[in-house]
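Bear in mind these aren't lab numbers, they're just calculated from the coordinates by the rules spelled out. Quick caveat, the model's predicted, so the values are computed rather than measured. All Cβ positions, glycine included, derive from the backbone under ideal geometry; neighbour counts span all protein chains shown.
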Amino acid sequence: MFRLIWIAVLVYVADQLTKYLAVTHLAAHGIAVAPFLNLSLAFNTGAAFSFLSSASGWQNGFFIIVGIAASVIILVMIGRLGSGDGQVAVALMLILGGAAGNVTDRIMHGYVVDFLDLYYRSWHWPTFNVADSAITVGAALLLLDTLGLRFRRHD
């Protein structure tokens, strides 16, 4: 299943490119894109939903180690997949690309660059990025696979 590594590479490149554009173009202000979406720069020192963002700084090293360990485990899992495990392979590649993107941020900056701000009226979802989106889609695909809902092959 390593033939699908291009998915992880694509996620990683798209993530890093969009984060670069966000940092260079959104620093002064956010941009309203739709009635439910702003592009708004944020720096997350925590994990998902800014969990542990107010910790004293130890969390960055912790999340780097967790991200690298998860990436190694994912690579081992991908190596063990069979030809019928396409959905799992795609899911793991999405998660791998997203994890690599966020770990790169943590190593380079000490935080993760977020810029996608979804909202409804005054309620805002925590700001996120392309890597977070890929990880979420990958996790959803794994859940669907676990429930027996898989891609159909068209032979």
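Remarks
- Helical content alone sets the calculated 222 nm signal of the chain at -19000 deg cm²/dmol, taking -39,500 (n - 2.57) per DSSP H segment of four or more residues and averaging over every residue.
- Mean Cβ neighbour count within 10 Å, used as a protection proxy, ranking 1-13, 88-100, 124-136, 71-83 highest first: 88-100, 124-136, 1-13, 71-83
- Once the C-beta distance of Ile73 and Val23 is scaled by a Förster radius of 25 Å, the resulting FRET efficiency is 0.25 to the nearest 0.05.
- The chain - Rg over Rh from alpha carbon coordinates, Kirkwood radius: 1.01
- Sequence-ordered 3J(HN,Hα) estimates for the range 10-23 from the Karplus curve with 6.51, -1.76 and 1.60 and θ = phi - 60° stand at 4, 4, 4, 5, 4, 4, 5, 5, 5, 5, 4, 4, 5, 5 Hz, glycine and proline given as x.
- Folded to 0 to 90 degrees: helix 86-109 orientation relative to the chain principal axis, Cα: 30
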